[in-house]
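Chemist: Here it is, the structure, as structure tokens.
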């Protein structure tokens, strides 16, 4: 907790932003209790709040305070508080710089701690060694006033346009200023299960980390150095963001660069021509739906794109890296497979129920109705996981209904900043899933990134729609359903015996960040599996690894954990619920992957990828 204190203290219990400025005061340890009581009274008298942490044994306390820096009268009020707080520390024989240097934050307060004679001596020493005042001017000997050069007061309110930013008062500026610069994003925490920040770990460049990107976006809201969302600085900072959302969980202040990136792209390209990949990959479910609509078309498209020179040409013209491979389209989509099963069930039953959309459960007795929501990826690109989810739930005794195949969450529109298109698709989806959710029916997602949209992005894109809140509340992962106290199958259901099965699991970044993967891991271990859980992104990240200019970083991210682990454990089952995670391993490691549903049914990878020559 102490390591993350500066970040965790960046939001008050009331979710207001809290700022540095008086975070290093120290008093003699025996006086700490009395000092803290007086300090908290001072906060209350000034209508301020802050979270205290630090080194109690040394009498040194850190605090970040919700200074009202976003209002004109807030800056002088902040200055008055800092002066009064300094006087309080001095009255206890303490220092406002107990652990660190004085710096720009505290330089102007030194006159309240040191005599005029002492400060004059400081100036003489400075003049002796730095007569030109070239080294850190304006800090100790001639400090600038507290109210000068403050970042936050210069920022302009940026009202909601795409996302509602309901957790930040509807203000994009407040959202990007969640970053207070503690730089946890510059650490490699993958050894302890962290996922942030894959692009920074790959390049080591400040601009490619969470803090660097947040700072650039803050400058846009300040309107001084960078004035437009479409500036070169913004494009460079956001270019290598994988939109993994790891920062939304791993950053102590809850910075969500994936969301900010989508918003920035929306503001940049609204009403303008976009990069070609936004139309091709960003609207992939639309094109995949056209291929899926007519039986036989998928086979023709797959045959044509299997010719390597044709495939490379399409990739190059489409703004993608020719070292990649195109996706193959599913020849037996889930909905078609379900219709065939329904016909077979009706033909074998003397009393067929024409209203049913699936075969009646053959085992189990609890009969809990559940909606399996197969997303666009599961319908069009890899239907195996969705089919296994349906079969597994039927075997567990559920009454399974397949959601209509046109219920798209708009994920690819969201990641490319096409937020109006995303809202249209989510509104359509809400019309399909909303009534079921309102009635309390659990909805099970297949693809983690799409499931995360219903749990997170949906609420910020349709914030006033009660259907959205019902859907978010009722949407579960497969593992969450199977362990749910109300909707679970009960103790009579058992998954396949996985004793002795070595599993290398790559949690999808959005699964980790939004839903959490602990339930999945516990379910696997309970079935007897020996699980190695990878941390960090696989590197493909949907559109990212396919786009021109991203291939090397995509591979390097994969080399952080995924690729070397697969190479070290050739006989392990590779578990990856995410389509991107399976695709990355197939293209870079010739390794097939399975969904959790497949593994719980005792299944294994079908075999190596046909595109393993990369």
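Chemist: Evaluated at 10 °C with a viscosity of 1.306 mPa s, what Stokes-Einstein diffusion coefficient in µm²/s does segment 87-158 have when Rh comes from the Kirkwood expression over alpha-carbon pairs?
Modeler: 115
Chemist: Tell me, how many Å apart are the Cα centres for segment 241-258 and for segment 124-188?
Modeler: Cα centroid of segment 241-258 versus Cα centroid of segment 124-188: 20 Å apart.
Chemist: Follow-up question, since we're still on this one. What Kirkwood hydrodynamic radius, in Å, does the chain give when the mean of 1/r is taken over all pairs of distinct Cα atoms and then inverted?
Modeler: Result for the chain stands at 26.9 Å.
Chemist: Measure off 7 Å from each Cα along the Cα-to-Cβ vector at residue 348 and residue 565, then give the distance between these two points in nanometres to one decimal.
Modeler: 3.9
Chemist: Could you tell me the center-to-center distance, by alpha carbons, between segment 450-522 and segment 35-68 in angstrom?
Modeler: 39
Chemist: Assuming a ≥ b ≥ c are the square roots of the Cα gyration tensor eigenvalues, decide whether segment 334-482 counts as rounded (a/c under 1.5), prolate (otherwise, with a/b larger than b/c) or oblate.
Modeler: Prolate.
Chemist: Relative to the longest principal Cα axis of the chain, at what angle does helix 308-317 sit, 0 to 90 degrees, rounded to 10?
Modeler: The angle comes out near 40 degrees.
Chemist: Tell me, what is the FRET efficiency for residue 276 and residue 249 to the nearest 0.05, using R0 = 35 angstrom and their Cβ-Cβ distance as r?
Modeler: Plugging the Cβ-Cβ distance into 1/(1 + (r/R0)^6) gives 0.60.
Chemist: At 0.36 nm per residue, and after removing the present C-alpha to C-alpha distance, how many nm does the segment from residue 56 to residue 16 gain when stretched out fully?
Modeler: Extra length from residue 56 to residue 16 when fully extended: 11.9 nm.
Chemist: Out of all DSSP beta bridges in the chain, what portion is antiparallel? Express it as a percent rounded to 5.
Modeler: Among the beta bridges of the chain, antiparallel pairing accounts for roughly 45 percent.
Chemist: Sticking with this structure for a sec: Between residue 496 and residue 297, what FRET efficiency comes out of the Förster formula 1/(1 + (r/R0)^6) with R0 = 41 Å and r the beta carbon distance, rounded to 0.05?
Modeler: That gives a FRET efficiency of 0.70.
Chemist: Could you check the spin-label model distance between residue 473 and residue 317? Points 7 Å from the Cα along Cα→Cβ, value in nm.
Modeler: About 5.0 nm separates the two model spin labels.
Chemist: Which of the peptides 161-172, 572-583, 246-257 is most tightly packed, and how do the rest follow, going by the mean number of other Cβ atoms within 10 Å of each residue?
Modeler: 572-583, 246-257, 161-172
Chemist: I've got another one for you. Considering every Cα-Cα pair within segment 155-273, what fraction, in whole percent, is farther apart than 23 Å?
Modeler: The calculated P(r) of segment 155-273 puts 24 percent of pairs beyond 23 Å.
Chemist: A further question follows. Rounded to whole Å and ordered largest first, report the semi-axes of the equivalent ellipsoid of segment 5-149 derived from its Cα gyration tensor (root of 5λ).
Modeler: Semi-axis lengths for segment 5-149 are 27, 19, 14 Å.
Chemist: Expressed in nm to one decimal, what extension gain is obtained for the pair residue 309 and residue 420 from 0.36 nm per residue of sequence separation less their Cα-Cα distance?
Modeler: Here the segment from residue 309 to residue 420 would lengthen by 36.4 nm.
Chemist: Kindly provide the Kirkwood hydrodynamic radius of segment 123-191 in Å, to one decimal, from all pairs of distinct alpha carbon atoms.
Modeler: One decimal place: 16.2 Å for the Kirkwood radius.
Chemist: Add -39500 (n - 2.57) for each DSSP H run of 4 or more in the chain, then divide by its residues: what number comes out at 222 nm, to the nearest 500 deg cm²/dmol?
Modeler: Value at 222 nm, helices only, nearest 500: -12000 deg cm²/dmol.
Chemist: Sticking with this one: Please compute the modelled spin-label separation between residue 427 and residue 590, points set 7 Å along Cα→Cβ, answer in nm with one decimal.
Modeler: The two pseudo-label positions are separated by 5.0 nm.
Readers should treat all values here as calculations from the given coordinates under stated rules, not as data from a laboratory. If you're wondering where the values come from, they're calculated on a predicted model, not measured in any experiment. Cβ atoms come from the backbone with ideal geometry, glycine included; neighbour counts cover every protein chain shown.
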